[in-house]
There are 4 protein chains.
Amino acid sequence: MTTLKVTIWNEYRHERQNEHVAGIYPRGIHNAIGDYLLQAESVEVTTATLDEPEHGLTDEVLANTDVLLWWGHLAHGEVRDDIVEKVRDRVLDGMGLIVLHSGHASKIFERLLGTKTGTLKWRDDGERERVWVIESGHPIAEGLGDYFEIPKEEMYGERFEIPTPDELVFISWFEGGEVFRSGCTYRRGRGKIFYFRPGHETFPVYHQSEVLKVIGNAVRWAAPTQGAASVAGRTEPIEQIGVSTAK
Amino acid sequence: MTTLKVTIWNEYRHERQNEHVAGIYPRGIHNAIGDYLLQAESVEVTTATLDEPEHGLTDEVLANTDVLLWWGHLAHGEVRDDIVEKVRDRVLDGMGLIVLHSGHASKIFERLLGTKTGTLKWRDDGERERVWVIESGHPIAEGLGDYFEIPKEEMYGERFEIPTPDELVFISWFEGGEVFRSGCTYRRGRGKIFYFRPGHETFPVYHQSEVLKVIGNAVRWAAPTQGAASVAGRTEPIEQIGVSTAK
Amino acid sequence: MTTLKVTIWNEYRHERQNEHVAGIYPRGIHNAIGDYLLQAESVEVTTATLDEPEHGLTDEVLANTDVLLWWGHLAHGEVRDDIVEKVRDRVLDGMGLIVLHSGHASKIFERLLGTKTGTLKWRDDGERERVWVIESGHPIAEGLGDYFEIPKEEMYGERFEIPTPDELVFISWFEGGEVFRSGCTYRRGRGKIFYFRPGHETFPVYHQSEVLKVIGNAVRWAAPTQGAASVAGRTEPIEQIGVSTAK
Amino acid sequence: MTTLKVTIWNEYRHERQNEHVAGIYPRGIHNAIGDYLLQAESVEVTTATLDEPEHGLTDEVLANTDVLLWWGHLAHGEVRDDIVEKVRDRVLDGMGLIVLHSGHASKIFERLLGTKTGTLKWRDDGERERVWVIESGHPIAEGLGDYFEIPKEEMYGERFEIPTPDELVFISWFEGGEVFRSGCTYRRGRGKIFYFRPGHETFPVYHQSEVLKVIGNAVRWAAPTQGAASVAGRTEPIEQIGVSTAK
């Protein structure tokens with residue numbers, strides 16, 4: 001199996017500004033996920049964060065990324081538009097993209113889907129979430145049961161303003177009474193995108209085995225495929241034009 | 001606005017065999033729905049039931065139906081295969097079909113969708129269901145709010161073995177912890193199909209205003225459209241073949 | 001039937017700069033389409049063009065538009081970004097949008113779909129196009145036969161970089177050997193979008209009856225629906241949280 | 001990489017009854033495809049034909065099949081219904097299914113999709129087909145260019161009565177003027193289905209490298225995935241019911 005090059009992008013502000021979050025993720029959400037991927041999957045892991053030069057997403061890093069993970073929350077607006085465009089280019093050209101939790105409101109997710117993806121209901125009271133598998137045969141659900149539970153999570157509720165997903169892999173049930181489309185796949189250009197809802201920074205969600213397993217599955221699923229060569233632009237006719245061939 | 005010809009098919013066994021159900025629907029589920037449609041929509045209503053000759057679905061009735069509603073539960077197996085095929089022919093030719101609640105396991109629903117649509121989780125303990133609107137702009141959701149509640153219902157839970165719906169209009173939350181894709185649209189041939197989950201016979205679900213409103217909306221949505229003429233079979237070439245036109 | 005408020009936006013440069021185009025559309029493409037709609041459909045028509053103040057798309061015009069048609073080609077880059085955002089807001093809020101021909105590369109189409117919708121093959125040699133109906137039962141195909149032909153057209157060929165359409169209504173065959181997804185529907189937010197390929201400015205395509213019929217059908221199809229009320233943002237729990245209810 | 005167990009089912013009548021076809025496929029279409037797969041992919045190949053006992057599709061063969069290929073034409077009606085149901089069970093349980101050319105009208109394809117999949121236009125005059133890649137990034141298109149040509153083929157034309165494919169990988173252009181959705185994927189239950197149009201028995205289509213490459217790609221794509229465990233039927237509540245928890 002090929003070694004996938006995974007880059008994990010994290011806003012990395014909560015962990016440095018909030019003691020409670022720092023207690024859960026002392027080396028940041030990016031490293032919690034990265035540590036799991038390194039031991040569970042055939043991957044090389046690079047991390048990148050908002051406050052690095054070019055947010056850590058230089059041309060070289062992007063060119064060497066098969067699958068990009070994205071976690072952001074407080075500072076979506078600080079992400080540079082030119083870097084968002086570069087990430088978009090790479091996705092349309094085949095790089096996989098996994099958008100996590102509050103990344104739903106990121107510039108890159110909204111840019112690629114076109115709707116106001118930040119629009120949803122939410123409540124960070126710490127309640128039980130039960131994530132139900134809808135497409136049991138999907139590789140992203142590999143190794144799960146009918147559902148898994150997260151003891152305390154932020155709630156996201158419908159209506160979530162996204163285009164109809166190509167595949168709806170998970171739907172969440174919340175203790176407070178809401179539902180949410182928690183696992184959504186999209187093919188855009190040559191790239192594959194997966195949105196995965198769980199992951200509020202104040203709860204240890206990225207230490208939970210089912211959540212990590214889904215992320216690992218998604219990395220494999222989102223890996224680029226070679227596909228077919230394609231050109232665009234003005235093109236000569238293949239068949240002769242203007243010869244009357246109508247019977 | 002044109003008057004739509006609606007036929008409501010009901011198995012009509014529970015209401016005649018069970019006093020509790022008869023108390024809720026003295027003239028049958030079909031008439032409860034029909035009475036609503038007659039006062040709320042521009043429709044003519046015909047009813048048809050399992051124990052009538054040809055289940056009430058003669059060629060003449062089917063030819064004069066724009067939208068067919070289907071409620072069945074106990075006796076799916078008693079529905080004649082030849083009549084299922086006639087209904088399928090009409091749907092593929094443009095008749096609308098609205099499948100209600102336990103009609104999920106009917107021959108006609110499985111015949112048109114191809115998967116084992118009877119496969120799901122269930123529990124008839126009488127629990128709270130909250131039906132969330134997922135596609136707020138959809139005509140089938142017209143006049144609703146973010147959600148509506150049914151105080152006591154049978155639970156249906158995922159995984160529901162259906163093809164991915166063309167449009168997912170509703171998702172239900174259940175008190176016991178499950179979720180369900182409760183409003184699903186499909187285009188098959190020239191016809192439109194809507195599956196709507198609520199409606200267990202032992203609860204007065206078809207007396208609830210939101211449920212009836214959705215059924216009325218769905219009848220209008222499922223109405224046949226004229227569309228384009230189409231022929232199949234062996235056809236002569238439009239352009240001349242065998243003249244080498246390659247440049 | 002309600003009178004729909006239709007606004008037809010046209011770049012309106014070719015017709016003022018090129019005698020040949022002016023000969024085909026003396027009052028502009030917008031008026032050729034508008035004249036048809038006024039006589040064939042229950043509509044009020046407003047026109048708007050690039051070189052008017054705010055491109056003719058003031059807040060008042062947009063607020064009073066049920067369905068917006070968009071034709072642009074030479075000057076996509078001159079359309080103001082803030083006006084693109086206002087159009088997007090209105091579409092996500094329910095306004096219909098019909099994007100015509102070279103509008104495939106417009107800012108608004110790319111903004112709403114997220115991919116590089118300008119990416120395709122093309123050739124303006126004037127060749128036969130045959131538009132095949134794929135969804136015969138679709139209201140946008142109403143009144144057509146299996147196909148219709150355009151004697152001379154610009155070719156657009158795959159691969160067209162769009163998200164998978166919700167519904168693929170038309171596929172075109174070109175004399176020079178290419179194919180194209182020529183009629184594509186999308187639901188985005190509460191709005192409906194239809195892309196319709198034909199319409200190069202140097203051929204009298206918008207004087208052809210089948211093309212105009214499709215545009216009229218699409219206007220009716222794209223009309224806003226009331227749908228369901230919806231709110232977003234922080235929300236109180238509906239069910240009590242933190243009471244251990246697990247059995 | 002795991003060795004996939006592929007079973008190639010062929011009606012195998014044309015090759016035994018028609019000298020011309022026998023000249024092209026002396027050992028049958030199944031062996032032409034099987035020989036390619038054996039040298040190009042990591043597979044074990046079993047063949048099965050109509051006139052074998054149980055059409056060669058015993059319970060043991062089916063249980064040991066990861067991906068089933070299906071070619072039939074003259075004798076769809078002779079395929080036993082009980083065996084069609086067994087194949088359907090296996091697909092819904094995760095076995096991949098690749099339906100080739102005239103298999104569009106087979107019992108199994110129609111059973112799994114629900115529409116009258118035999119409905120299309122056709123003409124066996126031997127004309128040029130150009131198969132265009134629509135989803136360039138799809139693994140089934142791997143290694144192709146923008147298109148490939150088949151010098152002489154039977155034409156299939158729209159309208160093809162299928163449900164909207166999950167993914168539309170190929171569209172064909174025909175010399176005689178028609179178009180066709182030639183590469184269609186579906187997820188049904190846990191299984192993946194691919195329909196691939198080319199392959200009329202009187203032309204050496206299954207000796208052409210691009211056609212074989214697509215079949216090899218499709219075999220890998222359709223391979224079963226482990227997915228998530230799932231149970232159906234009556235189920236106990238996970239959360240306690242009937243405790244009033246409404247705030």
Using a Gaussian network model on chain D with a 10 Å cutoff between Cα atoms, which of D:147, D:156, D:12 fluctuates the most?
D:147
Work out the length of the dipole vector of the protein assembly as shown about its Cα centre, built from +1 on the beta-carbon of each Lys and Arg and -1 on the beta-carbon of each Asp and Glu, and round it to the nearest 20 debye.
0 debye
³J(HN,Hα), Karplus 6.51/-1.76/1.60, whole Hz, each residue of the range D:217-223, x for Gly, Pro
4, 5, 4, 5, 4, 7, 4
Specify whether the C-alpha gyration tensor of the range D:15-62 places it in the rounded, prolate or oblate class, a ≥ b ≥ c being the square roots of the eigenvalues: rounded for a/c under 1.5, otherwise prolate if a/b is larger than b/c and oblate if not.
oblate
Can you check what the net charge comes to around residue C:49, using other residues whose Cβ is under 15 Å from the Cβ of residue C:49 (Lys, Arg +1; Asp, Glu -1)?
-3
Scan around residue D:5 for amide H atoms under 5 Å from its own, H built in the peptide plane at 1.01 Å from N, and keep only partners 5 or more places away or cross-chain.
D:44, D:66, D:67
Which FRET efficiency, nearest 0.05, do residue D:58 and residue B:16 yield, Cβ-Cβ r, R0 51 Å?
0.65
Helix-derived mean residue ellipticity, 222 nm - over chain D, DSSP H n ≥ 4, -39500 (n - 2.57), to 500
-7000 deg cm²/dmol
Among D:199, D:155, D:218, flag the residue with its Cα farthest along the positive direction of the charge dipole of the range D:152-247, charges on Cβ as +1 for Lys/Arg and -1 for Asp/Glu.
D:218
Using the Cα centre as the reference, give the magnitude of the dipole from point charges on the C-beta atoms of the range B:39-195 (Lys, Arg: +1; Asp, Glu: -1; all else neutral), rounded to the nearest 20 debye.
520 debye
So the FRET efficiency between residue B:78 and residue D:81, C-beta based with R0 = 25 Å and rounded to 0.05, is 0.80
Lysines near residue D:213 by alpha-carbon distance under 18 Å, same-chain residues fewer than 8 away left out - which ones?
D:5
Have a look at the DSSP beta bridges in the range A:88-247 and tell me what percent are antiparallel, nearest 5.
85 percent
If packing is taken as the mean number of other Cβ atoms within 10 Å per residue, what is the order of D:216-228, C:171-183, highest first?
C:171-183, D:216-228
Shortest-first distances to equivalent copies, position residue A:19, nm, label 7 Å out along Cβ:
6.8, 8.3, 9.5
Rounded, prolate or oblate, given the Cα gyration tensor of the range A:1-93, with a/c below 1.5 counting as rounded?
oblate
Non-local amide H neighbours of residue D:190 (under 5 Å, H modeled in plane, Pro and chain starts lacking H): which ones?
D:93, D:94
Please state the relative contact order of chain D as a whole percent: Cα pairs under 8 Å, 6+ residues apart?
20 percent
Within a Gaussian network of chain A (alpha carbon springs, distance under 10 Å), most fluctuating of A:18, A:31, A:64:
A:18
Compute, for the range B:160-247, the length of the dipole vector about the Cα centre, with Cβ point charges of +1 (Lys, Arg) and -1 (Asp, Glu) only. Units Debye, rounded to 20.
400 debye
Evaluate the Debye formula for the protein assembly as shown with equal point scatterers sitting on the alpha carbons, no solvent, and hand back log10 of I(q)/I(0) at q = 0.06 Å⁻¹, in q order, two decimals.
-0.43
Distance from the Cα centre of the range B:75-105 to that of the range A:70-135, in angstrom?
42 Å
Phi to ³J(HN,Hα) by Karplus 6.51 cos²θ - 1.76 cosθ + 1.60 over the range C:10-17, Hz, x for Gly, Pro:
9, 4, 6, 10, 3, 5, 9, 10
Give the residue from C:30, C:18, C:55 lying farthest towards the positive end of the charge dipole for the range C:1-85; charges sit on Cβ (+1 for Lys and Arg, -1 for Asp and Glu) and the dipole is referred to the Cα centre.
C:18
Using a 10 Å cut-off around each Cβ of peptide D:175-187, what is the average number of partner chain Cβ atoms that fall inside?
6
Rotation relating C and A, chain A residue nearest the axis via C-beta, angstrom:
A:114, 2
In whole Hz, what ³J(HN,Hα) sequence does the range A:233-243 give by Karplus (6.51, -1.76, 1.60; θ = phi - 60°), x for Gly and Pro?
x, 5, 9, 6, x, 8, 9, 6, 9, x, 7
For residue A:64, net neighbour charge (Lys/Arg +1, Asp/Glu -1) across residues whose Cβ lies under 11 Å away:
-2
Normalised by the residues of the range A:1-85, what does the relative contact order come to in percent, with Cα pairs under 8 Å and at least six apart?
43 percent
Got the residue A:53 label distances to the other copies yet, label 7 Å along Cα→Cβ, in nm, shortest first?
4.8, 7.6, 8.9
What is the local net charge at residue D:27, summed over the other residues whose Cβ is closer than 9 Å to its Cβ (Lys, Arg +1; Asp, Glu -1)?
-2
Given H placed on each backbone N at 1.01 Å, which residues far from residue A:157 in sequence or on other chains put an amide H within less than 5 Å of it?
A:121, A:122
Copies compared at residue C:229 - label distances in nm, ascending, label defined 7 Å from Cα in the Cβ direction
4.6, 4.9, 5.9
Of all DSSP beta bridges in the protein assembly as shown, antiparallel share, percent nearest 5:
55 percent
The range B:1-40-the range D:152-231 distance, computed between alpha-carbon centres (Å):
44 Å
Please work out whether the range C:132-200 counts as rounded, prolate or oblate from its C-alpha gyration tensor, where a ≥ b ≥ c are the square roots of the eigenvalues and a/c under 1.5 means rounded, while otherwise a/b larger than b/c means prolate and anything else oblate?
oblate
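Just so you know, all these numbers are worked out from the coordinates, no wet-lab data involved. Small disclaimer: the values here were computed from a predicted structure and weren't measured. A quick note on method: Cβ atoms are made from the backbone with ideal geometry, for glycine too, and the neighbour counts reach across all protein chains shown.
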